[in-house]
Amino acid sequence: MLGLKLETDPRWVNIVEKNIDEILTDHAYCEQKAASNAIYLVVNYPEHTEMVDAMLALAKEELTHFEMVHQKIKERGLVLGRERRDEYVNELYVFMRKGHKREIALIDRLLFSALIEARSCERFKLLSEEISDHDLKEFYRELMISEANHYTTFLGFARQYGAAYEDVNVRWAQWLDYEASVIRNYSKKETIHG
């Protein structure tokens with residue numbers, strides 16, 4: 001369904017389980033950055049009313065997820081740490097076309113966003129199946145469904161707004177290939193994309 005070319009090594013969950021506070025802090029900030037990305041799309045492409053409505057709803061949902069993760073952190077007697085740099089996302093950002101027509105930039109921003117949601121969904125699915133912590137197993141199962149919906153939302157808007165400019169499916173295939181080359185270097189840290 002997600003189209004990802006390379007699956008996460010299931011042993012990544014073993015790394016995560018050794019440092020739950022780190023994955024929860026990283027996850028919280030992933031949700032905050034996802035909300036910020038949705039707001040970016042609203043601010044920079046206000047003429048796309050349908051997308052603006054969807055991004056406003058998505059931003060609210062992502063902030064709710066941030067709050068949910070923060071609650072998990074507090075329930076465990078932990079404290080939200082400082083924001084972490086997401087090297088995976090930064091590597092994907094390099095592939096985004098910049099300095100092109102606004103609509104070309106929009107296509108890539110939406111595909112970039114879809115890909116991050118797809119990888120997060122895949123990671124949440126793995127956590128929901130493999131983590132030994134029952135509470136987190138249920139938590140990540142619930143969030144996995146949201147991430148899948150976000151993935152299809154971004155991909156759908158890329159196809160809707162990009163069809164007049166290029167074959168979005170060809171560009172999506174390029175993104176998937178690029179992401180596969182990037183993700184090979186990850187699954188070694190206790191972060192959502194690490």
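Only the coordinates and a few stated rules stand behind these numbers; no lab work does. Please read these numbers as outputs of a predicted model, since none were measured by experiment. Every residue, glycine among them, receives a Cβ derived from its backbone with ideal geometry; neighbour counts consider all protein chains shown.
Listing for the model above:
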{"item": "Principal-axis tilt of helix 102-130 within the chain, Cα atoms, nearest 10 degrees", "result": "20"}
{"item": "Global geometry of region 1-90, whether rounded, prolate or oblate, following the gyration tensor of its Cα atoms and the 1.5 cut on a/c", "result": "oblate"}
{"item": "Rounded D (µm²/s) - region 113-153, Kirkwood Rh over Cα pairs, Stokes-Einstein at 4 °C, 1.567 mPa s", "result": "132"}
{"item": "0 to 90° range, to nearest 10: angle between helix 168-183 axis and the chain longest Cα axis", "result": "30"}
{"item": "Order of His193, His134, His27 under a 10 Å beta carbon neighbour criterion, fewest first", "result": "His134, His193, His27"}
{"item": "Hypothetical label at Ala164: residues of region 49-71 whose amide nitrogen lies under 19 Å (7 Å Cα-Cβ projection)", "result": "49-53"}
{"item": "Taking N as its residue count, the alpha carbon Rg of region 76-125 over 2.2 N^0.38 Å", "result": "1.51"}
{"item": "Neighbour-count order for Met51, Met96, fewest beta carbons within 10 angstrom listed first", "result": "Met96, Met51"}
{"item": "Degrees, to the nearest 10: 20-44 long Cα axis against longest axis of the chain", "result": "20"}
{"item": "Ranked Leu78, Leu111, criterion: other C-beta atoms within 10 Å, fewest first", "result": "Leu78, Leu111"}
{"item": "For region 36-54 versus region 154-189, the gap between their alpha-carbon centres in whole angstrom", "result": "19"}
{"item": "Charge context of Ala164, other residues only, Cβ under 13 angstrom, K/R +1, D/E -1", "result": "0"}
{"item": "Inverse mean reciprocal Cα-Cα distance (Kirkwood Rh) of region 12-183, Å", "result": "16.8"}
{"item": "Simple label model, 7 Å out from Cα along Cβ direction - Thr152 to Glu67, nm", "result": "2.6"}
